[in-house]
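Please read the structure below before turning to the comments.
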Amino acid sequence: MKNTVNTIFFDVGATLRVVVEDPEFSANAERQMMELVGTTCSHQEFFAELEENYKAYRKNAKTTLLDVSEMELWTQWLLPDYPHADIARHAAQLTKLWRDHDGRRVPRPGVKDTIVQLHNRGYKLGIIANTITEYEIPNWMIEDGVSPYITTTILSAKVRLRKPDPDIYLLAARAIGSQPHECAYIGDNPKRDVEGTFAAGYGLMVRIQDQDKPSKEAPSQTHQPHHIIHEIPQLLNLFPALI
């Protein structure tokens with residue numbers, strides 16, 4: 001390709017990290033959540049209510065293209081009938097346990113090495129992610145040693161905007177100091193990641209697609225990614241050294 005891109009933004013969920021099922025890990029997270037909240041409901045009743053409330057929140061967020069903070073998520077949406085002060089105090093921990101009940105989140109193979117190599121090739125690197133958590137991604141970046149290479153992290157739970165609103169992409173470009181046409185976005189979602197990237201005027205869209213796991217969402221009818229990859233290290237074939 002004719003390389004005018006000097007900045008690469010990544011999605012995180014299902015792009016840099018994937019969920020691995022771990023029943024014992026998930027069951028432990030669920031027990032901790034129920035103990036933290038002090039619910040008198042049965043396990044089935046408690047999580048049925050949570051799932052229903054979470055679906056309502058997700059529908060609203062996708063319609064308005066706005067997310068809320070963790071505190072608002074738990075006090076206003078997920079557990080509105082519990083004491084607000086207690087729920088607010090534990091909001092971050094509740095978010096972690098709620099996500100852990102799905103399973104362990106682990107990096108895809110080659111994530112750290114690819115990020116380091118792209119950084120060494122001269123690219124500015126950042127993250128743009130729709131997420132209900134304000135701390136999980138920064139904590140993971142520190143724990144896995146990628147934080148020194150990622151200079152801008154834009155999370156919908158912090159900035160309220162969510163993909164595919166082009167404003168979240170434009171905010172990220174301004175924050176990192178690049179023009180939109182100089183930016184590439186790497187994501188997995190065949191609709192919102194693709195359409196948001198093009199709407200913001202980014203120069204390149206790369207979609208990662210699992211060969212043995214088709215997407216649950218239909219692809220965009222208006223735009224197609226410039227490239228489709230199946231493994232994160234394949235990015236090294238698309239982004240040559242700038243320096």
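Please treat every number below as a calculation from the coordinates, not as lab data. Since the structure is predicted, the reported quantities are computational estimates derived from the model, not experimental observations. Backbone-built Cβ (ideal geometry, glycine too); neighbour counts: all protein chains shown.
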When the Karplus curve 6.51 cos²θ - 1.76 cosθ + 1.60 is applied with θ = phi - 60°, which whole-Hz ³J(HN,Hα) does each residue of region 69-75 get, with x for Gly and Pro? 6, 4, 4, 5, 4, 7, 7
Test of understanding: ordering TRP74, TRP140 by Cβ neighbours within 10 Å, fewest first, what list do you get? TRP140, TRP74
About its Cα centre, region 1-143 carries a charge dipole, from +1 on Lys and Arg Cβ atoms and -1 on Asp and Glu Cβ atoms, whose size in debye to the nearest 20 is 980
What are the semi-axes of the equivalent ellipsoid of the chain, taken as the square roots of 5 times the eigenvalues of the Cα gyration tensor, listed largest first and rounded to whole Å? 33, 19, 17
Would you work out the relative contact order for region 31-103, in percent, from Cα pairs under 8 angstrom that are 6 or more residues apart? 34
What net charge do the residues around ALA88 carry, taking every other residue with its C-beta under 12 Å from that of ALA88, with Lys and Arg at +1 and Asp and Glu at -1? -2
Once amide hydrogens are built 1.01 Å from N within the peptide plane, the residues lying 5 or more places from ILE208 or on another chain with amide H under 5 Å from its amide H are GLY187, ASP188, ILE229
Looking at the chain, send over the antiparallel percent of its DSSP beta bridges, to the nearest 5. 20
Set of aspartates and glutamates near LYS112 by C-alpha distance (under 15 Å), chain-local residues within fewer than 8 positions excluded: ASP11, GLU143, ASP144, GLU231
Positive dipole terminus of region 22-100, leading residue within ALA91, GLN44, MET34 (C-beta point charges): ALA91
Give the cross-link partners of LYS55 among the lysines, using a straight C-alpha distance below 25 Å as the criterion and excluding same-chain residues fewer than 8 apart. LYS96, LYS158, LYS163, LYS191, LYS213, LYS216
So how do VAL20, VAL194 line up by other beta-carbon neighbours within 10 Å, fewest first? VAL20, VAL194
What ranking of SER69, SER220, SER42 emerges when the number of other C-beta atoms within 10 Å of each C-beta is taken as an exposure proxy, fewest first? SER42, SER69, SER220
